[in-house]
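Scroll down for the structure; my scribbles are underneath it.
The values are calculated or read from the model by the stated rules, or taken from the named source; none is laboratory data. These figures come from a predicted structure and were not determined experimentally. FYI the Cβ positions are ideal-geometry reconstructions off the backbone, even for glycines, and counts take in every protein chain you see. Areas reflect the complete protein model, heavy atoms only, side chains present, ligands, DNA and RNA absent. Shrake-Rupley method; radii C 1.70, N 1.55, O 1.52, S 1.80 Å.
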Amino acid sequence: MRKTLIAGNWKMNNNVKDSLELVSSLINAQLPDEVDVLICPPFTALYPINEILTYSEIKLGAQNMHFEVSGAYTGEVSPLMLKDVGVSYVIIGHSERRQYFNESDELVNEKIKSALIHDIKPILCVGESLIQRESNIEKETVKNQLINALRGIKSEDAKEIVIAYEPIWAIGTGKTATSEQANEMAAFIRNTVEEIYDINVSENLLVLYGGSVKGDNAAEIMSQSDIDGALVGGASLKAVDFLKIIMYNNHVQ
Ligand code: PGA
């Protein structure tokens, strides 16, 4: 059984005070048992947030990390540092990192391997650009991203990986992929993972959708057979908006 995961990617938003207020509102809400809730705040807020999450089921994630454990890498944050502040998930290869910070598939692969060694669950982001979709190479693009990102990773480790399908043209644009488009790609991702590993890994794999997920489209997206959750940007920055997504199930009833 795959348990739904709703993850909030705060990106470069929220100072410590705002972060603590937002998390407190989430802690005080009645969260549904059938959903795992994950928040990925900026690095500067991880420590204080971890302090107030002690008795909460909410999980803490980072938005990026370096693959080395320590050393002369000015400005970088290591997996051990993340573990030290209670992080159990890390977003790897978000399209903004690939686009603005030149992260290659090879670097993404290094980071995933390092996260796995340190017992941090990587959320591997894949997705095509608008040009790639319009040229009908979206599947080929995503397949290459998967093959490169998973190179050299054994199946027992691959079981720890979450994959987020985020079409670049749907991120922060208000344009969501239709639920059919999202589900088709999620199924394709699952099939590709089965080809690389086996059905054991692919059947248990969590595939999230990300790209303009909101309270009013969450139920429809989440009802798709191959979509197991959401990676939410903009709508995770306000407790009321994020809670609507987390409670998506109550909205359809
Ligand atoms: P969005 O971002 O929900 O604001 O489109 C999603 C993401 O980048 O993870």
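Descriptive notes on the structure:
- Among the candidates Val240, Val162, Val201, the residue that is farther than 21 Å from Leu22 by Cβ, of a type in the set (Val, Ile, Thr) and within 16 Å of the ligand (Cβ to nearest atom) is uniquely Val162.
- Restricting segment 69-84 to residues that are touching a residue at least 24 places away in the same chain (Cβ under 8 Å) and open to solvent by 70 Å² or more (accessible area, probe 1.4 Å), the residue that is nearest to Lys121 (Cα to Cα) is Lys83.
- Filter result (away from the ligand (no atom under 13 Å from the Cβ), open to solvent by less than 70 Å² (accessible area, probe 1.4 Å) and within 19 Å of the chain's Cα centre (by Cα)) within segment 179-198: Ser179, Gln181, Asn183, Met185, Ala186, Ala187, Phe188, Ile189, Arg190, Thr192, Val193
- For segment 99-118, taking the residues that are without any contact (Cβ under 8 Å) to a residue 24 or more places away in the chain and within 16 Å of the ligand (Cβ to nearest atom), the one that is nearest to Gly211 (Cα to Cα) is identified as Tyr100.
- Residue in segment 21-51 that is farthest from Val77 (Cα to Cα), counting only those that are in contact with a helix residue (DSSP H, G or I) (Cβ under 6 Å, 6 or more places away or on another chain) and without any contact (Cβ under 8 Å) to a residue 60 or more places away in the chain: Val23
- Filtered residues of segment 85-109 (kept if part of a helix (DSSP H, G or I), out of contact with any helix residue (DSSP H, G or I) (no Cβ under 8 Å at 6 or more places or on another chain) and surrounded by fewer than 17 Cβ atoms within 10 Å (Cβ to Cβ)): Tyr100
- Taking segment 47-76 as the range and being closer than 20 Å to Gly233 by Cβ and over 18 Å from the mean Cα position of the chain (by Cα) as the test, only Ile49 passes.
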